[in-house]
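Each remark here refers to the structure printed beneath this line.
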Amino acid sequence: MSEPVTLSMAWGIDAETLDKAGVIDVTLNCDTNLFIDPLLLDEASDPDFRDCATKAYEQRFNQLIDLLVASKREGDVAWRAAERHLSFHEVPFTHLGYSSGTGGSGFGSKLSGHLLVVAKEVVDLGVVNPDLFMALALFEGGIGADRISDMTTNIVVGCLARYTHVVATNLGRALAPFTLAGTTYQLPPNPLNAKEPLLLVPKDIVRDLPIAADWDAIASAAQETQDLKDRVNQHVGELWRARTVREKNEVLKSAMASKQSFEFLLDLVRSAADEPYDVRGDHRGEIYPAEIRKQIAQREPLDLARYGGRTLTLDEVDAVVVAIIDQFKHLIEDKGLWRECWNPRHTVPRLEKAMQRLFYAVAAAYCDANGLDISPESDGGSGPVDFKISAGSNSKVLVELKRSKNSKLVGAYTEQLDAYLRAEGAQRAHYLIVDVGNLTPVKIAGLSTARNAILETGRPAPSWIVVDAMPQASASKR
């Protein structure tokens, strides 16, 4: 797969510019696994978008509730109209979600039908809060993050279009007419596919998992939020530790015992939806580090020019990879790049995916800067980085990166990396370990034993390299 291309890269602007504009620097050609959470709409910082989106969301579900109130039995006119209100087509232009923004998951007839049956029971209790559908999504196995985000995008697509028009105009981007949901808007074309528009998404309405798909967040609120905890008896409190479908159904049954019980559930859902995803901290590594990719080679040059302009031998490819690994280690340990491996307070290490993308960005920057006929390829940050000569497959070197906290650190060296070597036809490989803690003597010994075992078979054994990414004191405090 080719290198991830972010919006800032495609537009040729600083990622900071997009951040100041309040929008997400999405990746245009692979997944940005963030999702619009409908329960964050009324907290959006842009007042025009907030008012528009909140009104659209409430209007859609208030109409749905009115139809359920009017329905006397399944299949009558009001019921069929309610089904249509719960039918959502795809709006693929946000580039969020598991499907790279080019597809999505709608509500099928079976799923929407079951949801309506339960919703009707809740409405009959006297609950008329539009958030009731998000609460019910917690208990419906087929309603995951993508469906909730797709549904919300569908409802507020006009608001997103108007927001995008304003932001893109302020950024001086060219616009073109595009029709969405029957209305034509002036929107920026996708730089990678001019036939499609872009919909910019405010960064303060997304989460890595919408609350309605995040059972653990609701369970935490039930156990830890004191004012709510005081309103729930011990039986229900224990039920919130549920994990199985049967146990969750018991929670739903308790919540539907009365109007008061279900409204308590709605309070729990609302109390858990208090913070959007921290795009700057980006602990999941969903935002490709475009600025590092852009600046690193200029700020910290690495001379690989002697390899440029020709097809490289295997030894030369390996030398390039080793040089890039050494430079990455130097940047982390000596030039402050360790900060990119941690949250802003340097208390929690970022996920492995973030570190893989960081290495990817550094490697790509140095390859470009030196005009090498070598291209780093990966699956967009969720797997190994594969360096290969574009002219052929006879000089191929793999780099696999793992966090030191990975529970399968030793096993991945012996099993996963060996499988990649065989599948990719690579001749050499390197195992890069980013140390963010828990790199125990047992793990070190296990890696040494594993490498020696491979060498004893007569096969070349991948080297393993440790990069110390533990937080460092500032120079003034050392």
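Some points to look at:
- Candidates are the residues of the range 416-449 that are crowded, with 16+ Cβ neighbours inside 10 Å and over 28 Å from Trp338 (Cα atoms); the one that is modelled with the highest pLDDT is Gln427.
- Residues of the range 1-28 that are more than 22 Å from Asp48 (Cα to Cα), acidic (Asp, Glu) and touching a strand residue (DSSP E or B) at 6+ places or on another chain (Cβ under 8 Å): Glu3 alone.
- Counting only residues that are assigned to a strand (DSSP E or B), under 18 Å from Ala319 (Cβ atoms) and touching an Asp or Glu at 6+ places or on another chain (Cβ under 9 Å), the range 454-472 holds 1 of them.
- Residue match in the range 151-170 (condition: outside any helix (DSSP H, G or I), surrounded by fewer than 20 Cβ atoms within 10 Å (Cβ to Cβ) and out of contact with any strand residue (DSSP E or B) (no Cβ under 7 Å at 6 or more places or on another chain)): no
- When Leu199 is tested against (1) surrounded by fewer than 18 Cβ atoms within 10 Å (Cβ to Cβ); (2) at pLDDT 95 or above; (3) under 29 Å from Met134 (Cα atoms), exactly one condition is not met: (1).
- Across the range 401-415, the qualifying residues are those that are assigned to a helix (DSSP H, G or I) and among the hydrophobic types (A, V, I, L, M, F, W, C), and the one among them that is modelled with the lowest pLDDT is Ala412.
- Just so you know, in the range 330-342 the residues that are assigned to a helix (DSSP H, G or I) and over 18 Å from Arg293 (Cβ atoms) include one that is farthest from the chain's Cα centre (by Cα), and it is Asp334.
- Candidate set: the range 296-339, residues that are surrounded by fewer than 19 Cβ atoms within 10 Å (Cβ to Cβ) and of a type in the set (Ser, Thr, Tyr); chosen: the one farthest from Ile374 (Cα to Cα): Thr313
- Test: residue in the range 373-394 that is at pLDDT 85 or above and surrounded by 21 or more Cβ atoms within 10 Å (Cβ to Cβ): no
- Checked against the criterion of being among the small types (Gly, Ala, Ser), on the phi > 0 side of the Ramachandran plot and not assigned by TED's automatic domain parsing to the domain that holds Leu28, the range 291-304 contains not a single residue that satisfies it.
- Scanning the range 89-103 for residues that are surrounded by 23 or more Cβ atoms within 10 Å (Cβ to Cβ) and either modelled with pLDDT under 55 or over 13 Å from Leu192 (Cα atoms) (or both) yields Thr94, Leu96, Gly97, Gly101.
- Condition met for Leu266 (modelled with pLDDT of 70 or more and assigned to a loop (DSSP other than H, G, I, E, B)): no
- Pairs, first more than 17 Å from Gly158 (Cβ to Cβ) in the range 193-218, second part of a strand (DSSP E or B) and not aromatic (Phe, Trp, Tyr), C-beta under 6 Å, six or more apart: Glu196/Asn190; Val206/Ile36
- Test for Arg280: is it under 18 Å from Thr6 (Cβ atoms), modelled with pLDDT of 90 or more and of a type in the set (Lys, Arg): no
The values are calculated or read from the model by the stated rules, or taken from the named source; none is laboratory data. Given the structure is predicted, the values throughout are model-derived calculations rather than measurements. Note that each Cβ is placed from the backbone with ideal geometry, even for glycine, and that neighbours are counted across all protein chains shown.
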